[in-house]
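The values are calculated or read from the model by the stated rules, or taken from the named source; none is laboratory data. These numbers were taken from a predicted model, which means no experiment stands behind them. Neighbour counts run over all protein chains shown; Cβ positions are idealised from the backbone, glycine included. These area figures cover heavy atoms from the full protein model, side chains too; ligands, DNA and RNA do not enter into them. Shrake-Rupley method; radii C 1.70, N 1.55, O 1.52, S 1.80 Å.
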Amino acid sequence: FYKSNFKNTNLKIQNSNCEDSLNLVRSKGTINKIEISNSFSDGLDIDFSSLYIHDIFIKDSKNDCVDVSAGTYEVGNMKVSSCGDKGLSVGEKSILKLDNIFVQNSEIGIASKDGSKSFVNKFNGKNVDICLSSYNKKQEFSGGQIKVNKYSCTDFNKKNFIDNQSKINLNN
């Protein structure tokens, strides 16, 4: 979807063999629910957009379950599982406000990088390699930031990864 205006929309994608099962570019508005399962690569990829999404449910993505870049995003609830790389990737100076996220069976729970700021009310991770990761990836950007009010992560290899340009703030 390119330059689209959403109003109380529901989207459901299954068994996609595209690079991104759902790609939203330069879009705005409100989406009630996104459901994606069995993605060849990224489940949901959003770029240069300003969106409110009430619910996101994604399972079985070979790469990132959710990847947002260069925009402002507000999400009510996100539940992602069996992500080949990141449950949630926030990049390129994005601002993300997220009320509740559950990430299971993924390499990284949340990654916030390249000047992005991620504000999370409640994070729950289970069976992830790294719970939270904040770093600089591209030289034209600074580090990333993650702020979490209520944090729980179990069955992980490394609680957090952070580089010297980035911040992770846990309030509980």
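For the structure I just gave you, tell me whether K93 is under 19 Å from S116 (Cα atoms), out of contact with any strand residue (DSSP E or B) (no Cβ under 7 Å at 6 or more places or on another chain) and open to solvent by 10 Å² or more (accessible area, probe 1.4 Å).
When the stated conditions are applied, K93 passes them.
G115 fails exactly one of the following numbered conditions: (1) in contact with a Lys or Arg (Cβ under 6 Å, 6 or more places away or on another chain); (2) of a type outside the set (S, T, Y); (3) under 23 Å from K12 (Cβ atoms). What is the number of that condition?
Condition not satisfied by G115: (3).
Could you check segment 110-143 and list, in sequence order, the residues that are of a type in the set (D, E, K, R) and either surrounded by 17 or more Cβ atoms within 10 Å (Cβ to Cβ) or part of a strand (DSSP E or B) (or both)?
K113, D114, K117, K122, K126, D129
Residue-by-condition table, conditions (1) farther than 16 Å from S118 by Cα; (2) of a type outside the set (D, E, K, R); (3) in contact with a helix residue (DSSP H, G or I) (Cβ under 9 Å, 6 or more places away or on another chain):
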| site | (1), (2), (3) |
| --- | --- |
| R26 | yes, no, no |
| G43 | yes, yes, no |
| I53 | no, yes, no |
| S69 | no, yes, no |
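Only residues that are more than 14 Å from V148 (Cβ to Cβ) and either free of Cβ contacts under 8 Å to residues at least 24 places away in the same chain or aliphatic (A, V, I, L, M) (or both): list them for segment 80-103, please.
Once the filter is applied, which keeps residues that are more than 14 Å from V148 (Cβ to Cβ) and either free of Cβ contacts under 8 Å to residues at least 24 places away in the same chain or aliphatic (A, V, I, L, M) (or both), segment 80-103 yields V80, G84, D85, I95.
Is it fair to say S142 is without any contact (Cβ under 8 Å) to a residue 40 or more places away in the chain, among the polar types (S, T, N, Q) and more than 27 Å from F6 (Cα to Cα)?
yes
Please tell me if I13 is aliphatic (A, V, I, L, M), touching a Ser or Thr at 6+ places or on another chain (Cβ under 9 Å) and farther than 19 Å from E74 by Cβ.
Spelling it out, I13 is indeed aliphatic (A, V, I, L, M), touching a Ser or Thr at 6+ places or on another chain (Cβ under 9 Å) and farther than 19 Å from E74 by Cβ.
Listed residues D99, D45, D55; which is assigned to a strand (DSSP E or B), surrounded by 17 or more Cβ atoms within 10 Å (Cβ to Cβ) and of a type in the set (D, E, K, R)?
D45
Looking for whichever is of a type in the set (A, V, I, L, M, F, W, C) and more than 16 Å from G84 (Cβ to Cβ) here; the options are L51, L44. Which one fits?
One residue alone meets the criteria, L51.
Would you mind telling me which numbered condition in (1) assigned to a loop (DSSP other than H, G, I, E, B); (2) under 25 Å from L132 (Cβ atoms) C18 fails?
Result: C18 passes all but (2).
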